[in-house]
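Peer 1: Have a look at this one.
Read-outs throughout are calculated quantities, based only on the coordinates presented, and are distinct from any laboratory measurement. Note that the coordinates shown come from a computational prediction; the quantities given were computed from them, not determined experimentally. Cβ sites come from the backbone with ideal geometry, for glycine too, and all protein chains shown count toward neighbours.
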Amino acid sequence: MDEVTAKRNVNNQEHDFMEIKKEDKEYIRFKLAQARDAYEEAQGLFVDGADLGYVLNNLYYAFYYPVLALLHSRNIPAAMQSASIALFDREFVETGLFEKRFYDALRRAFDLKPKCSPGELKMITRAEIEILLTEAREFLDIVGRKTGMA
């Protein structure tokens, strides 16, 4: 993709609305509600100074639940988490519907999540959690707008 096309895709992302079948709306609404709950929990834990592993776990699901909703909207089965993330990249990022930064943030949360045992928490910092919180909030907002469920 050339630079002009990439800029056009990024600039138009806010205006790309997805057609959602009536029968899929309830599932998508449910997954977005789960994601918002996970985000709020992550934010609350972070503010309270909780273990970063707990924060990251909730934050990961704030990204992952919308991905499940998006895949469902295209009748794409979500088998394993890693496969779902790859499908999100192929179906929604590479096509220009979502910015690559959301895939990168989801991937980072996924890569860190399994390594959140107390002995390995040094791998993630509060600053990185702050960045992921910002990306998750923006991702949730954009998915909500694109699906008509803001």
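Peer 1: Kindly write out, for the stretch 92-109 in residue order, the coupling ³J(HN,Hα) from the Karplus curve 6.51 cos²θ - 1.76 cosθ + 1.60 (θ = phi - 60°), rounded to whole Hz, with x marking Gly and Pro.
Peer 2: Whole-Hz 3J(HN,Hα) from phi for the stretch 92-109: 10, 8, 4, 8, x, 6, 10, 5, 4, 4, 6, 4, 4, 5, 4, 4, 5, 4.
Peer 1: Can I ask one more? Among 21/100; 25/100; 21/146; 100/146; 113/146, which pairs are too far apart, with a Cα-Cα distance over 20 Å?
Peer 2: Pairs exceeding the cut-off: 21/100; 25/100; 113/146.
Peer 1: Just grab the label-to-label distance for residue 110 and residue 141, each label 7 Å out from Cα along the Cβ direction, in nm (one decimal).
Peer 2: Here the modelled spin labels are 2.5 nm apart.
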